[in-house]
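To keep things clear, I will list the structure first and then write my remarks on it.
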Amino acid sequence: MAVKLSYPERVNKYNIEAMRNAIVNGSKMHPGANLLETKNEFGHPIRLALHVMKHEQARIRTARNLKIGDVVHRHLRDGE
């Protein structure tokens, strides 16, 4: 159930490593993430569904490029 439900969390300097780990875990492994909202080099919004990133290396590259201000739709945690 927890991998289906997600919470949109804005990336900041305190949670960036946890959000990177969630992206690397992807949508199938808990604690992971289902979606990433970011902006391209022109400032246009992009929504990346992590369930389509089958290869871990693609998720690692995406996590490496994570920026403060991006929004990660992470899996719910115990107690939420």
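The values are calculated or read from the model by the stated rules, or taken from the named source; none is laboratory data. Remember, predicted model here, so these are calculated numbers, not experimental data. Note that each Cβ is placed from the backbone with ideal geometry, even for glycine, and that neighbours are counted across all protein chains shown.
Side notes on the structure shown:
- Options His51, His75; residue that is at pLDDT below 95 and touching a Pro at 6+ places or on another chain (Cβ under 8 Å): His75
- Which listed residue is basic (Lys, Arg) and in a strand (DSSP E or B), from Arg47, Arg20, Arg77: Arg47
- Some residue of the range 51-58 being more than 19 Å from Lys4 (Cα to Cα) and among the small types (Gly, Ala, Ser): yes
- Selected residue (only one of Arg10, Arg77, Arg59 is at negative phi, touching a Leu at 6+ places or on another chain (Cβ under 7 Å) and of a type outside the set (Ser, Thr, Tyr)): Arg59
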